[in-house]
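S.K.: Let me begin by handing over the structure; questions about it come next.
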Amino acid sequence: QVQLVESGGGLVQAGGSLRLSCAASGRTFSTVVIGWFRQAPGKEREFVGYINWTGGSTDYVDSVKGRFTISADNAKRTVYLQMNRLKPEDTAVYYCAASPYAKAKVLEDFGSWGQGTQVTVSA
């Protein structure tokens, strides 16, 4: 099992930036992809983006392309989500998750989840 801990959430004004961290521990050797998801009140959890830990490739949902960047520090087993030009509609609880599948994007492909961190963007 992989343990994931997110940090870095908070309150920011529209147009501002935040960087979330996801620290992984445990059986990380089986992890190929670390994904980021978010869930706004009353909405389903949605895919934000992922990074392939082995090759470094990334992918993002269209709504965050050009604003969000995912990177990884393999030595620290930590993945980052840099969020720039934040909008009120980015307000949500953000989760990181681990998957053994390359290019994983759906919730069912992710077996380990963090506890989530709140991001609130004020207008």
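The values are calculated or read from the model by the stated rules, or taken from the named source; none is laboratory data. For clarity, every value in this text was computed on a predicted model and none was experimentally measured. Quick reminder, even Gly has a Cβ in these numbers, built from the backbone with ideal geometry, and neighbours come from all protein chains shown. Accessible surface is based on the protein model in full, side chains and every heavy atom, while ligands, DNA and RNA are left aside. Shrake-Rupley method; radii C 1.70, N 1.55, O 1.52, S 1.80 Å.
S.K.: With r defined as the distance between the Cβ atoms of A75 and T120 and R0 fixed at 25 Å, what FRET efficiency is calculated, to the nearest 0.05?
M.R.: FRET efficiency, A75 to T120: 0.20.
S.K.: OK, next. Hey, what D do you get for the chain in µm²/s if you plug the Kirkwood alpha-carbon radius into Stokes-Einstein at 37 °C and 0.692 mPa s?
M.R.: 232 µm²/s
S.K.: Now a separate question. Take V5, project a point 7 Å from its Cα along the Cβ direction, then tell me which residues of region 17-38 have their backbone nitrogen under 17 Å from it.
M.R.: Label zone hits: 20-28.
S.K.: For the chain, calculate the relative contact order in percent as a whole number, restricting contacts to Cα pairs under 8 Å that are 6 or more residues apart.
M.R.: Relative CO of the chain lands at 36 percent.
S.K.: Let me ask something else about it. Count charges around L4 for me, please; just the other residues with Cβ under 14 Å from its Cβ, Lys/Arg as +1, Asp/Glu as -1.
M.R.: +2
S.K.: With 5 Å bins from zero, work out the P(r) of region 1-48 over every alpha carbon pair and list the percent per bin.
M.R.: 5, 15, 20, 24, 21, 9, 6, 2
S.K.: Give me the distance between the Cα centres of region 93-123 and region 34-77, rounded to whole Å.
M.R.: 7 Å
S.K.: Further, regarding this structure: Multiply the residue gap between R67 and Q13 by 0.36 nm, knock off their C-alpha separation, and tell me the result in nm, one decimal place.
M.R.: 17.9 nm
S.K.: Among all lysine pairs in the chain that are eight or more places apart or on different chains, how many have alpha carbons less than 25 angstrom apart?
M.R.: Total qualifying Lys-Lys pairs in the chain comes to 10.
S.K.: Quick one: if the Förster radius is 22 Å, what FRET efficiency do S25 and E108 give, using the C-beta to C-beta distance and rounding to 0.05?
M.R.: Efficiency, from the Cβ-Cβ distance: 0.40.
S.K.: Turning to a different aspect of this structure: Which order do you get for L107, L11, L86 if you rank them by accessible area with a 1.4 Å probe, largest at the top?
M.R.: Order by accessible area, largest first: L11, L107, L86.
S.K.: Given the whole protein assembly as supplied and a 1.4 Å probe, what does the accessible area of R27 come to in Å², nearest 10?
M.R.: Taking all protein chains as shown, R27 has close to 130 Å².
S.K.: Put F37, F29 in order of accessible area, largest first, 1.4 Å probe: what do you get?
M.R.: Accessible-area ranking of F37, F29, largest first: F29, F37.
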